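Just below is one structure, and these are the notes that go with it.
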Amino acid sequence: MSKFKKKKSAGTPGISTASLPDIVFMLLFFFMTATTMKDSDLMIENRLPKADQTAKLHKKEYLMYIYVGKPKQGYASLGTSDRIQLNDKISSVSDIRSFVITERAERNSEAEKYLTASLKIDKEVRMGLIQDIKTELRKVEQLKVNYTTNKGNPLD
């Protein structure tokens, strides 16, 4: 009768961890390709105006951003008047020319004809400063200009 005795189970079998490195690397590659790095740290307030007729730009690699607004609270040393931010530094209107030339040089000649200046302007900025920026862009022959807005009713 001893050969018909039931054996006691040794417990549940262990989980195989052989595929764990594959899963970790798959997740790593996913997050490396899906995430984007922040281009610049905004030092100015940027409450965009609203517009009801907008169009979305699809090729963001052809944009160079010019931010205009009052300095944020953490940057009180910059004063309280309207400022221009190009990449990560506060600049003046006269720096726009060299900024555009540098942006053109960083791109290949094929992409240069599609390069657009995207103005992200706070809704409280004086129009005189915007006109000065547009004049500087004309001087350097940067005629493609985009005004970034939020979708909504402009009268609100």
Completion exercise
A chain fully extended from ASP156 to LEU28 at 0.36 nm per residue, minus the present Cα-Cα distance, gains in nm 41.7 nm
Fill in the blank from the handout: The FRET efficiency for SER92 and THR116, from their Cβ-Cβ distance with R0 = 25 Å and rounded to 0.05, is 0.70
Problem - Under the Karplus curve 6.51 cos²θ - 1.76 cosθ + 1.60, θ = phi - 60°, whole-Hz ³J(HN,Hα) for the range 124-136, x wherever Gly or Pro sits - result: 9, 6, 5, 5, x, 5, 5, 5, 5, 5, 5, 5, 5
Fill in the blank from the handout: Given the candidates THR54, THR116, THR135, the one whose Cα lies deepest towards the positive end of the charge dipole of the chain, counting +1 at each Lys or Arg C-beta and -1 at each Asp or Glu C-beta, is THR54
Fill in the blank from the handout: When PHE99, PHE25 are ranked with the fewest other C-beta atoms within 10 Å first, the list becomes PHE25, PHE99
Practice task
Could you tell me which of rounded, prolate or oblate describes the chain, using a ≥ b ≥ c as the square roots of the eigenvalues of the alpha-carbon gyration tensor, with rounded for a/c under 1.5 and, failing that, prolate when a/b is larger than b/c and oblate otherwise?
Solution key: prolate
Completion exercise
Between ILE130 and SER77, the FRET efficiency computed from the C-beta separation at R0 = 35 Å comes out, to the nearest 0.05, as 0.90
Problem - Charge dipole magnitude, Cβ of K and R +1, D and E -1 - the chain, Cα centre, debye nearest 20 - result: 1280 debye
Problem - Degrees, to the nearest 10: 20-34 long Cα axis against longest axis of the chain - result: 10 degrees
Completion exercise
For ARG83, other-chain or 5+-apart residues with amide H closer than 5 Å (H placed, Pro excluded) are GLY69, LYS70
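Read-outs throughout are calculated quantities, based only on the coordinates presented, and are distinct from any laboratory measurement. Values in this document were obtained by computation on a predicted structure and should not be read as measured data. A quick note on method: Cβ atoms are made from the backbone with ideal geometry, for glycine too, and the neighbour counts reach across all protein chains shown.
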